[in-house]
Amino acid sequence: MRFEIVTIFPGFFAGIFENGILRRALAEELVTVGLHDLRVFTHDRHRTVDDRPFGGGEGMVLKAEPLAEALASLGIGPKAVSEKCQGTTSVVPPMPQNDAGALAPEGEPLAQRPTVILLSAQGQRFTQAVARELSRIDRVVLICGRYEGVDERINQLYCDMELSIGDYVLSGGELAAAVVMDATMRLIPGVLGNEASGEFESFGVTDAEITSDTQGVPRSQHGAGGLLDYPHYTRPAEFGGLRAPEVLMNGDHHEIRRWRRKQQLRKTLANRPDLLEGAALSAEDRLLLESIKQEEC
Ligand code: 6GU
């Protein structure tokens, strides 16, 4: 998978590429990244990438021309007219067509068009489900918004999705691009080392499918089935006057699974009660939830 990042702060990404699993994924060429400095695509002495908003108001807007030139340098032109009208509302990006016989509007063979994403606070929410969809795409372009915004015609003409990473305002899309890359590339087979890990983390996988590995050892379900993960412990068995839960030491996988499920329900009820509404809960889960609620009285 290849990411193309268009940014006015290319230096921002240095540390991200040099550490952790992204570094390994890059070294093994499971992921490649192209960094594109927007200022390269300006033609004036001051290398101007922004201008004042039409209609007045605070802040500056990223200009359309340098962004269009940056995209052109990646071989990306405006979308077909019919696509432009659809806006950027679909959660699932259009899958690239690899049908060699497919025709572009001009009658040219269709090159695989990368998925172009604008990162902005006005975007639809980036979720694990979106990360999973992106991880199946060959080439993703991330346009980092800055200042008060990006000329909307770039969104209309080029972008397949507009994504936000949460309900707060960042000063730019660079941190969001790093978040999208991290969450997406760890779902690419081989990137995590443990081939199975990423697979079990997306929402919508049934509990029965995710709770144990081939040896029957209960696995971490970070984010799986719409619940938060259970708490983790490692040596020493006692720390700061607190003992790690005995149930985790006795090797009874059935008991461990039950305890962890209860902890997931407890954590989700405490920190993200909204997730319980969409979660696939078994009859046993509902009983466990009731007993947790009783404890809290
Ligand atoms: Cl993608 N950009 C900005 N500027 N702010 C954000 C965001 C993105 N996601 C959440 N807040």
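The values are calculated or read from the model by the stated rules, or taken from the named source; none is laboratory data. Since the structure is predicted, the reported quantities are computational estimates derived from the model, not experimental observations. Cβ: placed from backbone, ideal geometry, glycine included. Neighbour counts: every protein chain shown.
Below, the figures for the structure above:
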quantity	calculated
Residue among D182, D167 that alone is within 16 Å of the ligand (Cβ to nearest atom), modelled with pLDDT of 95 or more and in a helix (DSSP H, G or I)	D182
Which numbered condition E29 misses (of (1) part of a loop (DSSP other than H, G, I, E, B); (2) more than 26 Å from the chain's Cα centre (by Cα))	(2)
Residue selected from segment 1-17 under the condition modelled with pLDDT of 95 or more and surrounded by fewer than 17 Cβ atoms within 10 Å (Cβ to Cβ), by the criterion farthest from P114 (Cα to Cα)	G11
Close pairs (6 angstrom Cβ cut-off, 6 or more residues apart or separate chains): more than 9 Å from I292 (Cβ to Cβ) in segment 261-272, assigned to a helix (DSSP H, G or I) anywhere	T268/L275; T268/L276
Out of L38, L22, sole residue that is at pLDDT below 95, assigned by TED's automatic domain parsing to the domain that holds E65 and surrounded by 15 or more Cβ atoms within 10 Å (Cβ to Cβ)	L22
Some residue of segment 41-51 being surrounded by 13 or more Cβ atoms within 10 Å (Cβ to Cβ), over 29 Å from L187 (Cα atoms) and either among the hydrophobic types (A, V, I, L, M, F, W, C) or not assigned by TED's automatic domain parsing to the domain that holds R136 (or both)	yes
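To keep it simple, each residue is scored yes or no on (1) outside the structural domain of F13 (by TED's automatic domain parsing); (2) within 11 Å of the chain's Cα centre (by Cα); (3) crowded, with 20+ Cβ neighbours inside 10 Å; (4) more than 9 Å from the ligand (Cβ to nearest atom).
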position	(1), (2), (3), (4)
L118	no, no, yes, no
A129	no, yes, no, yes
V140	no, no, yes, yes
I143	no, no, yes, yes
R146	no, no, yes, no
E152	no, no, no, yes
L157	no, no, no, yes
